[in-house]
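Below is one structure, written out as structure tokens; comments come after it.
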Amino acid sequence: MPRALHRWNLDIAAARAVQSRLADRVETQDRLGPVHTVAGVDCGFEHNGTVTRAAIIVKSWPGLETVGSALARVPTTFPYVPGYLSFREMPAILAAFETLDTLPDLLLCDGQGIAHPRRLGIACHLGLWLDRPAIGVGKSRLVGEFDEPGPAKGDRSALRHNGANIGTVLRTRDNVRPLFVSPGHRVSTETATQWVLDCATRYRLPEPVHAADRLASSRGHRKPG
DNA sequence: GCGACAG
DNA sequence: ATCTTGTCGC
């Protein structure tokens, strides 16, 4: 991974051009190997947002036991602009991945996959960069229209945008706000949806992402009660 | 011009 | 994302 050869603090116009170019390389068909490890990826911020904190939690599959983790803190160089999240969080995320000796078999990223204006959400960007199967798990919608899914765990509806199916609005627990699942790379919408549901055991967020969320967030450090 | 807008 | 305790409901 030619990390040193890349600059991430581009202007919006340049970032947009990069997204459009990379979007063509995203694979929406299943191309996964045996999945023995599933990782959750998320970011948090410290010091008034000047530092980005990326967290990765690697879980075994099946079993969902934590078998690895990584944490990296990097100076924040890109502002939060809807549609350009990867340029803000990728530097820290890649720094965290570099401390892992083995890449996970499947990545669950907090954020969208192809459910993005130019079909290049952070899950796509990360999946392409690491050449790993990746799934986007958003807590809210960026783009797309959908019908409210039923109230029970497993209920779902299609997320569409510009006449295309870009993901699934999935209920991962009874009576909780649904998640927005979309392919990141090398995973189909159907498979992505199934993996998120299979990893959703006790929280709204799938286990790996929930764990990464806690590690990335400053509140995850508070003492248990 | 106006509203929407991942984390 | 982050600042933040208790409280209401399934």
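Conditions tested, residue by residue: (1) open to solvent by 70 Å² or more (accessible area, probe 1.4 Å); (2) of a type outside the set (A, V, I, L, M, F, W, C); (3) without any contact (Cβ under 8 Å) to a residue 12 or more places away in the chain.
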position	(1), (2), (3)
A:13	yes, no, yes
A:22	no, no, no
A:44	no, yes, no
A:50	yes, yes, no
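Residues of the range A:90-121 that are open to solvent by 10 Å² or more (accessible area, probe 1.4 Å), closer than 21 Å to residue A:76 by Cβ and in contact (Cβ under 8 Å) with a residue 40 or more places away in the chain: A:91, A:95, A:98, A:110, A:112.
Against the criterion of being open to solvent by 80 Å² or more (accessible area, probe 1.4 Å) and in contact with a strand residue (DSSP E or B) (Cβ under 6 Å, 6 or more places away or on another chain), residue A:147 qualifies. Filtered by the rule that a residue be in a helix (DSSP H, G or I), under 13 Å from residue A:38 (Cβ atoms) and within 15 Å of DNA strand B (Cβ to nearest atom), the range A:199-217 gives A:208, A:209, A:210, A:211, A:212. Residues of the range A:108-165 that are part of a strand (DSSP E or B) and within 13 Å of the chain's Cα centre (by Cα): A:108, A:109, A:110, A:134, A:135, A:136, A:137, A:138.
Picking from residues in the range A:75-89 that are within 13 Å of residue A:54 (Cβ to Cβ) and not small (Gly, Ala, Ser), the one that is least open to solvent (accessible area, probe 1.4 Å) is A:89.
The values are calculated or read from the model by the stated rules, or taken from the named source; none is laboratory data. What you are looking at is a predicted structure, and each value in this text was computed from that prediction instead of being measured. Virtual Cβ from ideal backbone geometry, glycine too; neighbours counted across all protein chains shown. Note: areas computed on protein heavy atoms with side chains; ligands, DNA, RNA excluded. Shrake-Rupley method; radii C 1.70, N 1.55, O 1.52, S 1.80 Å.
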